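Asks: Got a structure for you, questions after.
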Amino acid sequence: MKKSLLLFFALLILSISVTQNAYAADNPKSPTQVANENGYSLGEIYEPEGAINYSSETGQIMYEYKIDAKWYPASMSKLMTLYLTEKAINSGKLDKNAKVKMTDEEYRLSTLPELSNTKLYPGDVYTISELMQITVSNSSNAGAMILGRETMKAENLASAKKIDKKDKDSNKNTASKQQKKDLDSDFVDYMNETAKKLGMEHTKFYNANGASNNLLLEYKAKRYQSDEDNYSTSRDYAILTQHLVKQYPDILEYTKKVAPTVHYVTYYTYNHSLEGADMSLKGTDGLKTGSSDTADYNHSLSTKRDGLRINQILFGAGDYNSVGGEKERNMMGNSLMEKSFKEYEWKKVLSKGTQKINGKKYYVTEDLYDVVRKGVDYKVVLKDGRASIDYNRSYINDSYGPPSVKVETPSKHKFNETKKKVTSTDNRPIIMTASILLAVGIILLLTWLIKRKKK
């Protein structure tokens with residue numbers, strides 16, 4: 001009986017231990033725990049509402065904590081505004097050097113109470129690029145809304161040109177109609193449409209800047225009158241920032257600046273983790289912060305070391321109304337970044353040339369690079385004539401997956417190379433014949449001209 005009881009308790013303890021280990025494997029340490037292991041001393045009150053580290057190149061998740069929990073991005077909403085502005089610039093619809101003259105309306109917008117802003121005086125002229133800089137560095141709410149309007153004007157004008165190319169006055173007509181359009185509502189529609197296209201399934205925007213909508217007073221978008229805050233998730237914002245940094249890397253030229261000067265005013269970054277800022281994190285050149293009494297403290301970081309760029313979203317750190325959390329946010333963010341750089345690397349996993357894969361020889365058409373967890377065993381897999389590596393990992397959504405390269409059997413590769421050489425050689429006689437005929441033609445023409453002159 002005693003032996004049976006001892007055996008029972010031994011099995012019970014073992015099962016509890018296994019369950020705890022499995023739970024620990026599936027539930028990584030929280031951001032405050034990681035920060036405390038890194039030398040800080042943070043209480044649970046600073047625990048964020050969500051956090052994620054992921055590869056900017058591939059979308060592979062390196063760290064996650066409540067990544068599908070709903071939260072309020074606050075001024076990080078401006079990242080969608082900047083994404084759509086960059087999209088318009090890169091498609092040639094909007095010139096980043098285009099000038100925007102401030103009016104009384106822009107001035108009133110820039111002096112709304114309780115909002116972070118840059119005073120935009122009537123008559124002052126800002127380029128789109130300057131508006132982007134103050135939107136990033138000073139979190140200018142007016143700057144973001146003006147960018148939204150200018151981007152929408154550019155998109156509407158481009159659409160009008162496609163619809164009516166024959167109308168000579170289409171540009172003038174469209175320009176006059178722009179003044180009557182509800183550009184603010186149109187732009188928020190555009191933000192929400194883009195979010196859906198990108199796969200941001202749990203995101204809703206009510207304005208272009210992320211302020212609590214009730215604080216915009218008469219400047220609320222007409223079709224978005226609800227006193228709601230923009231909302232999203234850490235996963236959704238990972239999707240947005242992945243697209244922003246990978247599609248438009250020049251955004252980093254704005255976000256990396258610690259103390260830029262625009263119109264004789266120097267703006268000091270709120271992103272304390274930028275390299276050179278007061279909580280400098282090596283290799284960090286982006287992206288944006290956001291805070292409010294409903295959102296607490298948020299940020300998005302982008303850091304690159306040794307070819308590996310990691311982006312981070314951290315939502316809802318601390319308590320805006322009581323203990324704060326601005327610096328504690330960066331303590332956790334920096335600690336999570338250091339953790340991921342220690343655990344992962346960007347490396348060549350398959351070299352160009354003839355390689356043995358799964359017991360057979362193949363020709364790899366180019367070097368294959370991927371994000372690899374240090375010390376992990378991985379295998380090369382073949383699918384549809386392409387090679388990639390496989391190990392237990394996940395991505396920010398189903399649109400992402402491991403990078404791959406084309407592979408061929410040695411015989412097929414040899415055939416293709418021979419075919420290229422033959423095609424190249426076959427073209428030589430044609431080119432030579434054409435050159436000879438051209439030379440003969442020139443000589444005959446010159447001879448005829450000389451004879452004609454003598455006559």
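The values are calculated or read from the model by the stated rules, or taken from the named source; none is laboratory data. On a predicted model such as this, the values are computed, not experimentally measured, just so you know. All Cβ positions, even for glycine, are placed from backbone atoms using ideal geometry, and neighbour counts span all protein chains on display.
Asks: Out of everything in region 71-103 that is buried (at least 20 other Cβ atoms within 10 Å of the Cβ) and hydroxyl-bearing (S, T, Y), what residue ends up being farthest from N230 (Cα to Cα)?
Replies: That would be T85.
Asks: Could you tell me which of the residues S273, S335, S291, S302 is modelled with pLDDT of 95 or more and surrounded by fewer than 24 Cβ atoms within 10 Å (Cβ to Cβ)?
Replies: Values: S273 fails: surrounded by fewer than 24 Cβ atoms within 10 Å (Cβ to Cβ); S291 fails: surrounded by fewer than 24 Cβ atoms within 10 Å (Cβ to Cβ); S302 fails: surrounded by fewer than 24 Cβ atoms within 10 Å (Cβ to Cβ).
Among S273, S335, S291, S302, only S335 is modelled with pLDDT of 95 or more and surrounded by fewer than 24 Cβ atoms within 10 Å (Cβ to Cβ).
Asks: Condition check: closer than 16 Å to N53 by Cα and in a strand (DSSP E or B). Does V372 satisfy that? It would help to see each step written out before you state the result.
Replies: Numbers: closer than 16 Å to N53 by Cα: yes; in a strand (DSSP E or B): yes.
Spelling it out, V372 is indeed closer than 16 Å to N53 by Cα and in a strand (DSSP E or B).
Asks: Name the single residue that is modelled with the highest pLDDT among those in region 345-362 being part of a loop (DSSP other than H, G, I, E, B) and among the polar types (S, T, N, Q). Even if it seems obvious, please write down each step before you answer.
Replies: First, the residues of region 345-362 that are part of a loop (DSSP other than H, G, I, E, B): 351-352, 358-359.
From the residues that got through so far, the ones that are among the polar types (S, T, N, Q) too are 351, 358.
Working: S351: 97, N358: 90.
If we take residues in region 345-362 being part of a loop (DSSP other than H, G, I, E, B) and among the polar types (S, T, N, Q), then S351 is modelled with the highest pLDDT.
Asks: May I pose another question? I'd like to verify a number: residues in region 358-395 that are buried (at least 16 other Cβ atoms within 10 Å of the Cβ), of a type in the set (A, V, I, L, M, F, W, C) and within 29 Å of K414 (Cβ to Cβ), how many?
Replies: Selection size over region 358-395: 5.
Asks: Taking region 200-227 as the search range and keeping residues that are more than 18 Å from S291 (Cα to Cα) and small (G, A, S), which one is surrounded by the fewest Cβ atoms within 10 Å (Cβ to Cβ)?
Replies: Our first condition is that a residue be more than 18 Å from S291 (Cα to Cα); within region 200-227, this holds for 200-202, 217-226.
If we keep only those that are small (G, A, S) too, we end up with 221, 226.
On the way: A221: 22, S226: 10.
That would be S226.
Asks: Would you confirm, using the coordinates I've provided, whether Y254 is hydroxyl-bearing (S, T, Y), closer than 30 Å to K204 by Cα and surrounded by fewer than 24 Cβ atoms within 10 Å (Cβ to Cβ)?
Replies: Details: hydroxyl-bearing (S, T, Y): yes; closer than 30 Å to K204 by Cα: yes; surrounded by fewer than 24 Cβ atoms within 10 Å (Cβ to Cβ): yes.
Yes: the conditions hold for Y254.
Asks: If D377 meets every condition in (1) outside any strand (DSSP E or B); (2) in contact (Cβ under 8 Å) with a residue 24 or more places away in the chain; (3) out of contact with any Asp or Glu (no Cβ under 7 Å at 6 or more places or on another chain) apart from one, which number is that one?
Replies: So D377 meets the others, but not (2).
Asks: Here is a further query. Scan region 40-78 for residues that are farther than 12 Å from Q312 by Cα, touching a helix residue (DSSP H, G or I) at 6+ places or on another chain (Cβ under 6 Å) and not charged (D, E, K, R) and jot them down.
Replies: Y40, L42, Y46, P48
Asks: Of everything in region 122-132, what is outside any helix (DSSP H, G or I) and in contact with a Phe, Trp or Tyr (Cβ under 6 Å, 6 or more places away or on another chain)? Give them in sequence order.
Replies: Taking region 122-132 as the starting set, the residues that turn out to be outside any helix (DSSP H, G or I) are 122-127.
Answer for region 122-132, where residues must be outside any helix (DSSP H, G or I) and in contact with a Phe, Trp or Tyr (Cβ under 6 Å, 6 or more places away or on another chain): just P122.
Asks: Does any residue of region 77-84 turn out to be over 17 Å from D250 (Cα atoms), touching a residue at least 12 places away in the same chain (Cβ under 8 Å) and either hydroxyl-bearing (S, T, Y) or outside any helix (DSSP H, G or I) (or both)?
Replies: Step one: filter region 77-84 for residues over 17 Å from D250 (Cα atoms), giving 77.
Restricting the remaining residues to those that are touching a residue at least 12 places away in the same chain (Cβ under 8 Å) gives 77.
Adding the requirement that they be either hydroxyl-bearing (S, T, Y) or outside any helix (DSSP H, G or I) (or both) leaves 77.
The answer is yes, given that some residue of region 77-84 is over 17 Å from D250 (Cα atoms), touching a residue at least 12 places away in the same chain (Cβ under 8 Å) and either hydroxyl-bearing (S, T, Y) or outside any helix (DSSP H, G or I) (or both).
Asks: For region 67-80, enumerate the residues that are among the charged types (D, E, K, R) and closer than 21 Å to N392 by Cβ. Before you say what the answer is, go through the steps one by one.
Replies: Let us first name the residues in region 67-80 that are among the charged types (D, E, K, R), namely 68, 70, 78.
Hit for region 67-80 is D68, nothing else.
Asks: Would a scan of region 348-357 turn up a residue that is farther than 19 Å from D229 by Cα and in contact with a helix residue (DSSP H, G or I) (Cβ under 9 Å, 6 or more places away or on another chain)? Steps first, answer last, please.
Replies: In the first step, residues of region 348-357 are kept if they are farther than 19 Å from D229 by Cα; the result is 348-357.
Now drop any that are not in contact with a helix residue (DSSP H, G or I) (Cβ under 9 Å, 6 or more places away or on another chain), which leaves 354.
Checking region 348-357: at least one residue is farther than 19 Å from D229 by Cα and in contact with a helix residue (DSSP H, G or I) (Cβ under 9 Å, 6 or more places away or on another chain).
Asks: How many residues are part of a loop (DSSP other than H, G, I, E, B), touching a residue at least 12 places away in the same chain (Cβ under 8 Å) and under 29 Å from the mean Cα position of the chain (by Cα) when one looks only at region 92-113?
Replies: 6
Asks: How about region 333-354: which of its residues are aliphatic (A, V, I, L, M) and not assigned by TED's automatic domain parsing to the domain that holds G316?
Replies: Taking region 333-354 first, the residues aliphatic (A, V, I, L, M) are 336-337, 349-350.
V349, L350 - these are the residues of region 333-354 that are aliphatic (A, V, I, L, M) and not assigned by TED's automatic domain parsing to the domain that holds G316.
Asks: May I ask you to list pairs of residues, at least six apart or on different chains, whose Cβ atoms are under 8 Å apart, with the first in region 270-287 being assigned to a strand (DSSP E or B) and the second being surrounded by fewer than 17 Cβ atoms within 10 Å (Cβ to Cβ)?
Replies: Pairs found: T284/E275; D285/E275.
Asks: Another question about this same structure. Which number in (1) modelled with pLDDT under 95; (2) assigned to a helix (DSSP H, G or I); (3) surrounded by 20 or more Cβ atoms within 10 Å (Cβ to Cβ) marks the one condition that N156 misses?
Replies: Evaluating N156 over (1) modelled with pLDDT under 95; (2) assigned to a helix (DSSP H, G or I); (3) surrounded by 20 or more Cβ atoms within 10 Å (Cβ to Cβ) leaves (3) as the failure.
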